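Right, one structure below, let's go through it.
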Amino acid sequence: MTGRRRTFSSILPFLSRPTRAAALSASALAACASLTAGCGVIPGATGGSGDGPIKVMTWAPDKTDATNKPGMPAMARAYAKWINGQGGVNGRKLEVLTCNDHNDSVGAAECARRAAAEDVVAVVGSYSQFGDSYLAPLESAGIPYIGGYGVTNEEFTGHLSYPVNGGQPALLAGLGKALAGTCGPVALVRPDSIAGDQLPAVLDSGLKAGGHAQAGDQLAAENATEYGGQADQALRYATQDVTRRGCVVPALGDRTEAFMDSFRRAREGFPKVRLATVLGSVDQTVINATGGASGPYEGAYITGWYPPASDARWAPMKRVINEEAFGDNRIDPADAGVQTTWIAYTVLKAVLEKIGDGEVSADTVRRTLDHGLKVSTGGLTPTLHWPDETTLAAVGFPRLVNADVTLQVVRDGRLVAAKQSGPGGGDMTKTLETADIG
């Protein structure tokens with residue numbers, strides 16, 4: 001569509017990664033060497049060896065004109081503070097390094113090279129749209145990537161990636177399935193970006209499963225401040241069938257709010273449409289800020305990976321936030337990035353407990369994950385484990401192990417669970433198996 005590399009359209013990136021990783025190995029090692037002195041790493045020391053702290057990294061973009069996820073590194077630090085307050089894991093402290101990828105490929109690569117230079121044992125609970133930039137340096141250094149946000153193809157193809165959710169593929173598939181029986185024409189408004197290029201096919205897989213035609217694909221600049229033209233085009237598409245109420249699906253991440261400012265003005269000249277989107281583009285804070293029950297999201301379907309923030313299963317996470325990060329407004333327990341970081345660190349803790357008194361290194365963390373470890377997340381996800389290849393390998397997702405989504409709805413201004421028996425929730429594996437991504 002745009003000539004960009006690394007979309008969901010092929011499984012070839014997974015097959016060709018070892019060759020590319022090897023080619024980058026020398027440059028990655030050189031970068032590590034140059035960074036070592038500046039970062040204060042003792043030559044020959046490892047992030048998890050001996051009795052010293054177990055060193056990991058969490059990265060995410062912050063203070064950019066597009067998507068920002070400051071709550072993820074903040075949650076990681078709160079988790080480490082909580083664990084260390086209990087004596088650490090197996091008597092060893094957890095040290096969390098953080099990095100800002102600045103929402104660009106150069107920043108993502110720099111974070112990965114710094115992780116290698118610092119000799120961390122894993123990158124945990126992170127967000128970046130530039131998997132093509134960060135996974136190769138991590139693989140060259142043998143560093144596992146645990147619980148990324150699920151926004152890139154590489155997270156579901158890279159053999160050192162250990163995702164904890166189904167990413168955008170599962171969310172959009174579930175949303176499409178939910179909308180198929182209730183919507184006329186469906187207009188998808190998504191970023192004109194690498195990550196955005198991946199969205200139409202998976203939304204269409206859910207629509208197709210419900211017997212619906214594919215969505216109209218409306219591109220929008222990721223860092224725009226005004227979306228009047230895109231809102232007008234989406235409304236024209238969604239209202240072309242006068243016999244059925246159409247739906248508009250904005251999937252613009254943090255820029256969804258800016259789109260909605262334009263959408264509210266543009267919709268006055270069109271028949272009514274229903275809104276639907278995914279968590280990460282909208283949360284309870286946004287719903288409140290846009291009018292709650294009288295706002296544009298009332299009645300909207302929203303798919304997420306996990307139970308609603310009001311669910312009792314989030315109580316341990318909320319307790320840690322209250323005890324270790326009270327007053328830190330970067331950490332919103334309803335934010336999908338914060339939730340993903342909590343789950344990713346739950347996985348890390350299970351790995352370290354399995355290793356016990358043995359050597360903790362990137363290699364032992366990776367081997368523990370690869371050799372049948374099963375992790376319970378207290379019901380927030382299915383039991384997680386990472387076989388060599390999943391049933392979704394045939395459609396380009398060999399590392400996608402959790403395709404569960406929850407269907408939520410805005411009712412009386414609150415984001416609540418929709419009826420679980422309805423379409424759109426549950427395991428999206430079979431839906432994604434039929435996705436036309438070739």
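The values are calculated or read from the model by the stated rules, or taken from the named source; none is laboratory data. If you're wondering where the values come from, they're calculated on a predicted model, not measured in any experiment. Neighbour counts are summed over all protein chains in view; Cβ atoms, including those assigned to glycine, are modelled from backbone coordinates with ideal geometry. Remember, those area values only see protein heavy atoms, side chains included, never the ligands or the DNA or RNA. Shrake-Rupley method; radii C 1.70, N 1.55, O 1.52, S 1.80 Å.
A few points about this structure:
- Residue list for the range 400-434, restricted to those being open to solvent by 10 Å² or more (accessible area, probe 1.4 Å), part of a loop (DSSP other than H, G, I, E, B), in contact (Cβ under 8 Å) with a residue 40 or more places away in the chain and not hydrophobic (A, V, I, L, M, F, W, C): D412, G422, P423, G425, T434
- Residue check for T346: open to solvent by 30 Å² or more (accessible area, probe 1.4 Å), over 17 Å from the mean Cα position of the chain (by Cα) and of a type in the set (S, T, Y): no
- Test: residue in the range 310-317 that is acidic (D, E) and not in a loop (DSSP other than H, G, I, E, B): no
- Single unsatisfied condition, S205 versus (1) out of contact with any strand residue (DSSP E or B) (no Cβ under 7 Å at 6 or more places or on another chain); (2) within 30 Å of A362 (Cβ to Cβ); (3) among the small types (G, A, S): (2)
- Close contacts from the range 329-351, counting a first residue that is among the charged types (D, E, K, R) and a second that is open to solvent by less than 20 Å² (accessible area, probe 1.4 Å), with Cβ to Cβ under 7 Å and a gap of 6+ residues or different chains, come to R330/G71; R330/A74; D332/G71; D332/V338; D335/G71; K349/V89.
- The range 50-74 residues that are of a type in the set (K, R), paired with ones that are part of a strand (DSSP E or B) (beta carbon under 6 Å, 6 or more apart): K55/E95
- Counting only residues that are β-branched (V, I, T), open to solvent by less than 10 Å² (accessible area, probe 1.4 Å) and under 20 Å from F130 (Cβ atoms), the range 173-202 holds 1 of them.
- Selected residue (only one of L235, L219 is of a type in the set (A, V, I, L, M), open to solvent by 30 Å² or more (accessible area, probe 1.4 Å) and either touching a residue at least 40 places away in the same chain (Cβ under 8 Å) or in a strand (DSSP E or B) (or both)): L219
- When R367 is tested against (1) outside any loop (DSSP other than H, G, I, E, B); (2) without any contact (Cβ under 8 Å) to a residue 60 or more places away in the chain; (3) within 30 Å of L179 (Cβ to Cβ), only condition (3) is not met.
- Qualifying residue in the range 313-320 (condition: surrounded by 18 or more Cβ atoms within 10 Å (Cβ to Cβ), without any contact (Cβ under 8 Å) to a residue 40 or more places away in the chain and within 24 Å of A231 (Cβ to Cβ)): no
- Count of residues meeting criterion [assigned to a helix (DSSP H, G or I), open to solvent by less than 30 Å² (accessible area, probe 1.4 Å) and of a type in the set (A, V, I, L, M, F, W, C)] in the range 67-112: 11
- Residues in the range 198-217 that are more than 13 Å from K177 (Cα to Cα) and at pLDDT 95 or above: G216, D217.
- Cβ-Cβ under 6 Å pairs, at least 6 apart or on other chains, the range 263-279 side open to solvent by less than 10 Å² (accessible area, probe 1.4 Å), far side assigned to a strand (DSSP E or B) and aromatic (F, W, Y): A276/Y301
- Failed item in (1) over 19 Å from L352 (Cβ atoms); (2) buried (at least 24 other Cβ atoms within 10 Å of the Cβ); (3) touching a Leu at 6+ places or on another chain (Cβ under 8 Å), with V120 passing the rest: (1)
- Within the range 280-299, the set of residues being over 23 Å from G148 (Cα atoms) and crowded, with 21+ Cβ neighbours inside 10 Å comprises I287, Y297.
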